[in-house]
Amino acid sequence: MEKFKVLGLSEQLLKAIKDAGYSAPREIQEKAIPLALAGKDIIGGSATGSGKTLAFGAGIVEKTKKGEGIQALILAPTRELADQVGTEIAKFSKYKGLHVAIIYGGVAMSPQVHSLERADIVVGTPGRILDHLRQGTLNLKKVNSLVLDEADRMLDMGFIDDVETIINQCPKERQTFLFSATINIDIEHISRKHMKNPVDIAAESHVDPSKLRQVYYDVPSNQKFSLLVHLLKHEKAGLVMIFCNTRHNADFVAHNLKRNKIHAVAIHGGLTQSRRSKIMEEFKSSEVNALVCTDVAARGLDIEGVSHVYNYDSPPNSKDYIHRIGRTARAGKEGIAISIVSQRDYQNFREVLADDALKIKQEELPKDMEKSFFEINVRGDREGRDRSGFGGRGGGRGGFGGRGFGGRGRSFGGRSGGGFRGRSFGGGRDSGFGQRSEGHSSERKFGEKVRSRSYSGRSEGRREYSHGGSHGRREGGGRRYESRGGRSFGGGRGRNFGGGRGRR
């Protein structure tokens with residue numbers, strides 16, 4: 001604790017820091033705390049896991065006085081981050097008896113109103129903070145410290161107007177902290193407009209690059225989930241985070257991991273706040289081994305013990321990739337980031353690889369990989385016997401998202417059975433009665449461009465469809481399927497996986 005003492009902190013705060021498990025300050029804390037105590041505005045270029053909450057929190061706790069109204073406001077982009085930051089600030093201020101109000105949407109307003117009435121420090125998301133300002137239940141006239149945490153994320157989420165409105169409700173004479181993993185033109189605009197002679201500081205992420213191994217697998221689309229199951233069952237892992245690009249994919253992956261006897265749960269913006277909080281508690285306490293999440297969980301959350309990060313869907317750029325993999329290889333522990341790349345990920349993954357600083361090695365597919373329960377179940381349900389699975393009559397009922405995989409209503413990827421934005425899983429253009437369809441060959445490898453033609457031939461009163469590609473996507477190497485009395489597997493847009501009401 002000697003290094004904390006030389007930063008000029010009070011005994012009350014030093015005791016709270018020790019109770020929180022800190023023994024020595026991190027880089028961002030050593031740089032920021034003296035400036036914060038001196039009253040300087042600070043722009044912190046600080047990635048996830050760097051210890052920035054204590055960096056700005058120490059100065060706020062030291063200057064805030066109990067019972068004199070709301071003197072500090074901390075804005076965070078997500079409910080989870082607001083909850084985490086508020087909890088940490090409460091720990092640091094416990095020996096001063098300060099009350100920290102944590103404010104976010106998705107829960108009732110009334111308890112928050114009562115909490116605000118006695119608050120000294122407020123931590124919240126922009127939307128709910130605005131709600132309280134409009135209802136007159138929040139007064140910012142005494143705020144002398146303002147923090148914009150994960151500022152780039154807030155702007156990416158479209159909160160720039162809300163943030164500006166909130167800033168304008170605060171006194172002009174105040175200390176302002178802005179922390180962001182990246183400094184872009186919008187961040188610079190806010191700093192020029194709302195900060196006074198800010199001091200720029202930067203710190204590296206707490207992720208240890210020497211401890212982080214990054215790999216990717218180039219896998220056919222119909223084996224993607226099987227590979228994930230295989231790796232989860234054969235890797236010696238602690239806590240695991242699996243990232244998907246959409247809520248639907250996260251639900252799909254978590255649901256089918258459970259069916260493969262892997263204790264997984266999905267977290268995303270579509271869940272209630274109480275449910276999201278409960279999931280995070282279960283994950284942090286190791287009650288759940290695999291957390292399947294969208295990028296709502298990629299920023300800011302301090303989760304210890306994550307050994308593996310999987311990208312089931314490739315993020316759209318290297319910045320988001322870096323934020324995802326920042327969940328592992330922390331505090332001197334080893335970690336691995338694994339990207340499972342199939343044809344629909346190629347464009348995004350090229351954007352990730354465009355960052356020369358990333359060293360991602362390709363791995364060979366495991367030779368002993370077996371088909372997952374999910375893929376076996378799909379194959380067994382094709383004739384519509386099992387309405388609860390993926391496939392079945394009209395694609396099944398009660399599978400992913402409560403709808404069939406390519407059945408009635410919406411399915412994975414839109415209307416089609418596994419296609420992208422409503423394109424068909426097979427089929428490509430509607431080949432009609434004996435007309436031809438054209439597409440790419442089945443499952444190009446990453447970086448390859450190969451084209452082939454496939455023909456549906458003619459049939460007697462029946463349609464035949466090539467099991468190959470909408471705009472070049474094809475599963476199964478050009479085999480052909482036919483259906484009677486219904487739509488074909490992947491024919492046209494949004495057709496049924498299991499042959500509609502007929503048989504395949």
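The values are calculated or read from the model by the stated rules, or taken from the named source; none is laboratory data. Computed from a predicted structure; not experimentally measured. Virtual Cβ from ideal backbone geometry, glycine too; neighbours counted across all protein chains shown. All accessible areas refer to the heavy atoms of the entire protein, side chains included, with ligands and DNA or RNA removed. Shrake-Rupley method; radii C 1.70, N 1.55, O 1.52, S 1.80 Å.
Quick notes
- Only residues that are among the hydrophobic types (A, V, I, L, M, F, W, C) and open to solvent by 10 Å² or more (accessible area, probe 1.4 Å) were counted in the stretch 22-32, giving 1.
- Within the stretch 5-21, considering residues that are crowded, with 18+ Cβ neighbours inside 10 Å and under 26 Å from Arg327 (Cα atoms), the one nearest to the chain's Cα centre (by Cα): Ile17
- For the stretch 240-253, a residue qualifies if it is open to solvent by less than 60 Å² (accessible area, probe 1.4 Å) and either over 16 Å from the mean Cα position of the chain (by Cα) or closer than 9 Å to Tyr312 by Cβ (or both), and the qualifying residues are Ile242, Phe243, Cys244, Asn249, Ala250, Val253.
- Within the set Asp162, Asp152, the sole residue that is crowded, with 16+ Cβ neighbours inside 10 Å and under 30 Å from Ser342 (Cα atoms) turns out to be Asp152.
- Any hit, the stretch 296-307, residues being acidic (Asp, Glu) and part of a helix (DSSP H, G or I): no
- The single condition among (1) without any contact (Cβ under 8 Å) to a residue 60 or more places away in the chain; (2) surrounded by 21 or more Cβ atoms within 10 Å (Cβ to Cβ) that Leu271 does not satisfy is (2).
- From the list Leu35, Leu75, Leu81, the lone residue that is open to solvent by 20 Å² or more (accessible area, probe 1.4 Å), hydrophobic (A, V, I, L, M, F, W, C) and touching a residue at least 60 places away in the same chain (Cβ under 8 Å) is Leu35.
- Test: Ser226 is modelled with pLDDT of 85 or more, assigned to a helix (DSSP H, G or I) and of a type in the set (Ser, Thr, Tyr): yes
- Of the residues making up the stretch 281-294, those that are at pLDDT 85 or above and either touching a helix residue (DSSP H, G or I) at 6+ places or on another chain (Cβ under 8 Å) or among the aliphatic types (A, V, I, L, M) (or both) number 5.
- Residue in the stretch 303-319 that is modelled with pLDDT under 85, open to solvent by 10 Å² or more (accessible area, probe 1.4 Å) and in contact with a Ser or Thr (Cβ under 7 Å, 6 or more places away or on another chain) present: yes
- Within the stretch 51-72, considering residues that are surrounded by fewer than 24 Cβ atoms within 10 Å (Cβ to Cβ) and polar (S, T, N, Q), the one nearest to Ile190 (Cα to Cα): Gln71
- Taken over the stretch 27-53, the residue count meeting the criterion of being under 24 Å from Asp320 (Cα atoms) and not β-branched (Val, Ile, Thr) is 9.
- The stretch 152-178 residues that are more than 22 Å from Ile60 (Cα to Cα) and aliphatic (A, V, I, L, M), paired with ones that are open to solvent by less than 10 Å² (accessible area, probe 1.4 Å) and in a loop (DSSP other than H, G, I, E, B) (beta carbon under 6 Å, 6 or more apart): Met157/Pro77
- Those residues of the stretch 92-107 which are touching a helix residue (DSSP H, G or I) at 6+ places or on another chain (Cβ under 6 Å) and either among the basic types (Lys, Arg) or surrounded by 21 or more Cβ atoms within 10 Å (Cβ to Cβ) (or both), in sequence order: Phe92, Ser93, Lys94, Lys96, Val100, Ala101, Ile102, Ile103, Tyr104
- Just one of (1) over 21 Å from Ser180 (Cβ atoms); (2) at pLDDT 95 or above fails for Lys5. It is (2).
- Any chance Thr294 is buried (at least 17 other Cβ atoms within 10 Å of the Cβ), among the hydroxyl-bearing types (Ser, Thr, Tyr) and within 30 Å of Gly45 (Cα to Cα): yes
- With respect to the conditions (1) touching a residue at least 24 places away in the same chain (Cβ under 8 Å); (2) outside any helix (DSSP H, G or I); (3) not acidic (Asp, Glu), Arg276 falls short on a single one, namely (2).
- Residue count for the stretch 171-206, restricted to those that are open to solvent by less than 10 Å² (accessible area, probe 1.4 Å), out of contact with any Lys or Arg (no Cβ under 8 Å at 6 or more places or on another chain) and modelled with pLDDT of 90 or more: 3.
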